[in-house]
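The block underneath contains the structure these notes are about, expressed in structure tokens.
The values are calculated or read from the model by the stated rules, or taken from the named source; none is laboratory data. These figures come from a predicted structure and were not determined experimentally. Heads up: the accessible areas ignore ligands, DNA and RNA and are worked out on the full protein's heavy atoms, side chains in. Shrake-Rupley method; radii C 1.70, N 1.55, O 1.52, S 1.80 Å.
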Amino acid sequence: MSPPMYVSCYGRRSHEGSTRISDSESEEETKLPLNQFYPYIRCALCCGFFIDAATITECLHTFCKSCIVKHFFHSNRCPTCSIVVHQTQPLYNIRPDRQLQDIVYKMVPFLEASERVQMCNFYKERGLAVPKTVVVSPPGPVVIKRQKKENLPQSVFSIPPELDVSLLLEFVGAEEGINNFKPLERRYVRVSGEATVRHVELFIRRKMELSATCQVDVVCGDQLLDHYQSLKDVQNSVGEEALQDGLLVLHFGLVLPSKS
């Protein structure tokens, strides 16, 4: 049996007992077992680490691309939460999650190289040309240069250029009978233009801890928005009237589902 793998985390203990990142000389390394991160980096379908991670836009659950494509051959529902992804074409509502895939490759040693070797073998066994993006680099010495602390960037993560829509979420009230919800503390949000109104609703639901019986209506200008509209489309269709200091203003209210 191979020994368990660990992930290194850098930081120090503050007097309150919490861990925080530190630039001081007293910085210490803490190792956490890799299996603590399994719920976030493994596919629920194959139980392996994510390969070509793909996220369902309707519920934000992630799977290996090949796993979720095979699943959609016989079902149009999410394997985790059973939400209907799309009535007829569920593949339309999955997107590659490159940031998560990069994280998995960094956390699991040799996973990326092993996957590339398998892909090369797949093409060669079938007499097919190996795509340039799959070619494995020739083995050679690996040189790792350790940066000086003063040259390290202040933040590990940078904001990708596609995050280009800034939102102002204005709460207009709740219908009588809807109680016990938290106020939305974060009204200013920056998201991808490809995100949909459904994503905004999911964000509001999570932050305000809304019950499943509560419906969120999102309005821009005088238009009640559809769940499948992207924020870029909303911004382009409504125009400058919906902008306030460069922010796309969305009004939302909490209502009870209509009884038919």
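Structure above, values below:
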quantity: Residue-level accessible surface for Leu247, protein heavy atoms, 1.4 Å, Å²; calculated: 40 Å²
quantity: Probe 1.4 Å, all protein chains present, accessible-area order of Leu60, Leu250, largest first; calculated: Leu60, Leu250
quantity: Most to least accessible of Cys81, Cys47, Cys64 (protein chains only, probe 1.4 Å); calculated: Cys47, Cys81, Cys64
quantity: For Glu240, solvent-accessible area (1.4 Å; no DNA, RNA or ligand), Å²; calculated: 150 Å²
quantity: Whole-percent carbon and sulfur share, accessible surface of region 170-260, 1.4 Å; calculated: 46 percent
quantity: Which of Phe171, Phe181 is most accessible, then next, and so on - probe 1.4 Å; calculated: Phe171, Phe181
quantity: Rounded, prolate or oblate (a/c below 1.5 giving rounded, otherwise prolate when a/b exceeds b/c) for region 20-130 by Cα gyration tensor; calculated: oblate
quantity: Exposure of Val219 as accessible area (Å², to 10), given a probe of 1.4 Å and all protein chains; calculated: 40 Å²
